[in-house]
Structure formats: structure tokens, C-alpha cells
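The values are calculated or read from the model by the stated rules, or taken from the named source; none is laboratory data. Just so it is clear, the model here is predicted, and its values are computed rather than measured. Cβ placement follows ideal geometry from the backbone for every residue including glycine, while neighbour counts extend to all protein chains displayed.
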Amino acid sequence: MQANELHQLTTHEAHELLKQRKISSAELTKSVLKRIAEIEGKVHACVTIAEDIALKEAEKVDDYIKTAHEITPLTGIPILIKDVICTKGIRTTCGSKMLENFVPPYDATVIEKLKAQKAVIVGKTNMDEFAMGSSTEHSAFFPTHNPWDLSRVPGGSSGGSAAAVAVDETIYALGSDTGGSIRQPAALCSVVGLKPTYGRVSRFGLVAFASSLDQIGPITKDVTDCALVMNVISGYDSRDSTSAPYPVPDYTRQLIPSIKGLKIGIPREYLVEGVQNQVKAALEAAINKLQELGAEIDWEVSLPHTKYALAAYYILAPSEASANLARYDGVKYGFSERNARNVIETTERTRQFGFGLEVKRRIMLGTYALSAGYYDAYYLKAQKVRTLIKQEFDQAFEKYDALVTPTSPIVPFKLGEKLEDPMQMYLSDVCTLPINIAGIPAISIPAGFADNLPIGMQIMGKPFSEEILLRIAFAYEQTTDWHKRKPPLS
Ligand code: GLN
């Protein structure tokens, strides 16, 4: 491979070459930076490119590699980070004017963990403001374009990370997922995205959207890379009170090309109206593949409460968001509208000019749902529905090792198509939201194309069953080359 093509490598391929001292981290990082320079004008995946920091770090890592006996799988490898995760000394905007100039004085736990492995942070990726959206069009700065068709959205809210991975602007990336924001853009850009079990990955340093739903996870070029990143970012963190005190397995351990005997259910509620025929057809073909690989498929699973998930999510997530976003008051940090006569007006005007329309809509929805007199009717009711959805999944996982559904009911849609119709935008996540509501893990992997537009398959499992999901994903990936296809841009 030529030095100027190194950006095309996966993490495990790059690691092999670094280990054998065939390439240097500086060469790899330069190739990625060159790719970014070539492609950004079309895709707009990045908010900040930390070129100098990345090159300096890569050189430092190369000095270390020269003397080190062994290097770990992420050492010296460039990564892009969704701009909702705090990076010390690198601006963290959350896609919002409110934090446009915010430079965190500390690193998120996942960043500390990556740095401990000597990963090379290259920049920060675009996103829907405060992670609210499904198209990355709600970024306060610019929309990201889908590399498979520049007139279409990359999905969201981690659309910058997914597009960047798809088009080799990085070797891998991190995203965050509150209702589908890792998996849906991964599906729409034909890359791998995993939303871990709630509590598996520390959220310390992740700017909060809806705290009972948010998780950080990997967006990668293949399933092996996903497992490697999970090995590093998972684990207990005393600084996150929701962090689970369980040991981290080696997630690569179960990457074997067999799924013989695994029981996989297909919940019918995920294949009803609204799912495009081509998506359905691709999914059915993928499921048949899983059967050929030895899985026992049950097509007759029913999760009847699925239909309430969207409604419950759009009470719960905005409610939590309205509380979390109260900190942006123009006093503590971030944007502040100084042109005001008193402190109340400062806060009012800061929010008026600092937040975009979608964020304001969520704050209003949430404030309403939590207000006295409505709390029981909306918020409490939604919490009860949440419990029912969770119980339904628990019961299903007594019988099945995993459930398989489409990730997105539709292929990437046109930029602007759903911007005026929030309900349509919210429907992009019907297949992914229930997973966050239940706190379970789910992975999206490339599963085909319809007219050159990507289709993703979602595999979900019981809490802390990431290993099984990775195993199924890996076995399927071995039999297809969807993940190897590159957008026409390349
Ligand atoms: N699209 C969903 C929303 O707008 C989910 C976003 C997310 O997962 N961060 O809330």
C-alpha cells in the first residue's frame, strides 16, 4: 500500500503494519489529514481539525514505538471524536453556538483511556446540536453530507463521525447514542456502529442530552475494529455513578465465523408499515444468511409495546434534556449574550440566540411534560411504558440470544426533506429508540444497498451481551463484502 493510501486501512490492519514497523504513526496521520483536506469540502464531517496536535502526537508515538517491545491495538492510530465528548485543549462545541468557543479544561474518561493507549486524536466531528436529530442538519454550523450521495443526509446525530469513517477521513471514530445516534448514521453511511449496554462505557465528560439514555460507542470500518475499540473504552468509572462495576471481557475473543445454535428472533413489529420494501428485502436476505451460518431463526416474535416506544422516548428524552440544558444560562460558561439589562434578560437572550430551533422545541416539550399537573399524565406515564418495554425485552431474551431488525426503516433521505416536519424526522429512529429505553446493547452493520444507498441491520441483545452481538455481526460480515465497498467519492 502506498503511503498516501494509508487512510483506507482499518484499525487492525493499521496496527499490524505499525507493529511490524512497516509504517509510522506520522505517515498514517498525514495520510488521514491529506484525505480530510481533499474531501472535507464535499462531505463537511468535521467541526475542528486538530492538525498540529495530531502530528505532534504522532511523532511522539513514533518515538515511543521505536523503543517499545509491544504496542497495543490503538497505539498510533488516528481517531475522530464526536464533538459532544470533552477533549482537553480541543474545542468541544456540541454542534451548538452555545459552546462554539468552549475549550474543555479536562478530558472525558473515554478520551483518557484512548490517550493511555496512545491513540492520535485528529479532530472533532459534526453533529446535530446537543445530539438532537437524525440527519446532522441541526448542527449550528453546517450540515454534513452523505458520501454515498452528497444530496442526502448521513443520518444523525453522529453523522459527522459516520460519514468520516465511511469516506476514510479517519481510521475510526467515536459517537454517542441516545435514541439511535450511533446506529442510524452507521446504517446510512454503511459502517459499523455499536451502542453499548447502559453503564458499560463511562459518560464522564460526555455533554449530557438525556442522561438515562445516553451512551458513547465506536463507529468503525468493520466488526473487528469495533471489538478492539470496545476493549479500550469499556469499564467501570467512579466518576460516572451509572457506570457498571463489571469486568471487561476481551471483545475479540468471540469473533469466530460460526453462530451455530444461536437463537435469533425477528420481532414483527419492526417490519411493518413505514419500512421501505428494499430495506425489508435486504434484511430478509441478511437473515437468511444468518440461518445458513447455523443460527436458528424465529420469524414469529412479537414485542407489542414497541409501538409506544417513540411516544415514550419523546417525553423522556426532552424532559431530561430540559433539565440538563438549564445549565446554559449565560453565566457559568459558554455563550453569553451581554447585551442585556439584568441577569434574567442575560439568561433569556443567551438561550434565545445560543440555542437552535430543535433544541428549543425539546426544552419546551420537556418543560411542559415535567410541569405540575402534567407530570403524572406524561412523564410518569412514559416511565411506566418504559418499564413495560424493558420487561418485554427481558422476556424475549429468555428465549433468544439476539433479536434482528432493520436499523433504519429507510435509506438516506434528501437534505432538507424532513427539516420542516419534526414528526417525520423523529420516525427515522423508530427501530433504534426502544433499545435505549430498555438500556440494552445493539450493533448496526452494513447489510446491503438499494440503488447504491446503504442499508443497515441491527442486532440487539440482553444487557452486557456485546460479545454475542459482535460474534453474530462478525460471522455475517465474513460472508459479505458490503463493508468493503467504498462511496463513489473515493
Ligand atoms: N434522533 C434521536 C433524537 O433526536 C436520537 C438522537 C440521539 O441518539 N442522540 O433524539
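Worth a mention:
- Enumeration of residues in segment 314-359 that are farther than 18 Å from Thr178 by Cα, within 16 Å of the ligand (Cβ to nearest atom) and part of a helix (DSSP H, G or I): Leu357
- Ser408 meets the conditions (1) in a helix (DSSP H, G or I); (2) of a type in the set (Ser, Thr, Tyr); (3) in contact (Cβ under 8 Å) with a residue 60 or more places away in the chain in every case but one. The failed one is (1).
- Options Leu80, Leu174; residue that is buried (at least 24 other Cβ atoms within 10 Å of the Cβ) and either within 16 Å of the ligand (Cβ to nearest atom) or basic (Lys, Arg) (or both): Leu174
- Long-range neighbours under 7 Å by Cβ, at least six apart or interchain, first residue surrounded by fewer than 24 Cβ atoms within 10 Å (Cβ to Cβ) within segment 124-141, second modelled with pLDDT of 95 or more and assigned to a loop (DSSP other than H, G, I, E, B): Glu137/Pro143; Glu137/Val153; Glu137/Leu415; Ala140/Gly95; Ala140/Ser96; Ala140/Gly356; Phe141/Gly95; Phe141/Asn126
- Qualifying residue in segment 424-441 (condition: away from the ligand (no atom under 16 Å from the Cβ), in a loop (DSSP other than H, G, I, E, B) and under 22 Å from Ser134 (Cβ atoms)): no
- Selection count, segment 13-47, where residues are crowded, with 19+ Cβ neighbours inside 10 Å, in contact (Cβ under 8 Å) with a residue 40 or more places away in the chain and under 23 Å from Lys82 (Cβ atoms): 15
- Single unsatisfied condition, Val331 versus (1) under 19 Å from Thr93 (Cα atoms); (2) out of contact with any Ser or Thr (no Cβ under 9 Å at 6 or more places or on another chain): (2)
- Each residue in segment 1-37 was checked for being in a loop (DSSP other than H, G, I, E, B), hydrophobic (A, V, I, L, M, F, W, C) and over 21 Å from Leu489 (Cβ atoms), and 1 of them qualify.
- Any hit, segment 444-467, residues being among the aromatic types (Phe, Trp, Tyr), over 30 Å from Gly261 (Cβ atoms), surrounded by fewer than 20 Cβ atoms within 10 Å (Cβ to Cβ) and away from the ligand (no atom under 16 Å from the Cβ): yes
- Pro267 meets each of the listed conditions (1) surrounded by fewer than 20 Cβ atoms within 10 Å (Cβ to Cβ); (2) of a type outside the set (Phe, Trp, Tyr); (3) touching a residue at least 40 places away in the same chain (Cβ under 8 Å) apart from (1).
- Residues of segment 101-126 classified as basic (Lys, Arg) and under 19 Å from the mean Cα position of the chain (by Cα), total: 2
- Evaluating Glu420 against the criteria (1) out of contact with any helix residue (DSSP H, G or I) (no Cβ under 7 Å at 6 or more places or on another chain); (2) within 12 Å of the ligand (Cβ to nearest atom); (3) part of a loop (DSSP other than H, G, I, E, B) leaves one unmet condition, (2).
- Matching residues in segment 177-204 - criterion: being more than 16 Å from the ligand (Cβ to nearest atom) and small (Gly, Ala, Ser): Ser190, Gly199, Ser202
- Residue within segment 373-389 that is without any contact (Cβ under 8 Å) to a residue 12 or more places away in the chain and within 15 Å of Thr306 (Cα to Cα) present: yes
- In segment 469-481, the residue that is farthest from Val153 (Cα to Cα) out of those that are out of contact with any helix residue (DSSP H, G or I) (no Cβ under 6 Å at 6 or more places or on another chain) and surrounded by fewer than 20 Cβ atoms within 10 Å (Cβ to Cβ) is Gln478.
- Residue check for Pro412: within 15 Å of the ligand (Cβ to nearest atom), buried (at least 23 other Cβ atoms within 10 Å of the Cβ) and within 15 Å of the chain's Cα centre (by Cα): no
- Residue match in segment 264-277 (condition: within 16 Å of the ligand (Cβ to nearest atom), aliphatic (A, V, I, L, M), within 22 Å of the chain's Cα centre (by Cα) and assigned to a loop (DSSP other than H, G, I, E, B)): no
- Residue in segment 114-129 that is assigned to a helix (DSSP H, G or I), within 16 Å of the ligand (Cβ to nearest atom) and modelled with pLDDT of 95 or more present: yes
- Lys97 touching a helix residue (DSSP H, G or I) at 6+ places or on another chain (Cβ under 8 Å) and under 20 Å from Ala173 (Cα atoms): no
- Residue within segment 387-401 that is under 23 Å from Glu13 (Cβ atoms) and away from the ligand (no atom under 16 Å from the Cβ) present: no
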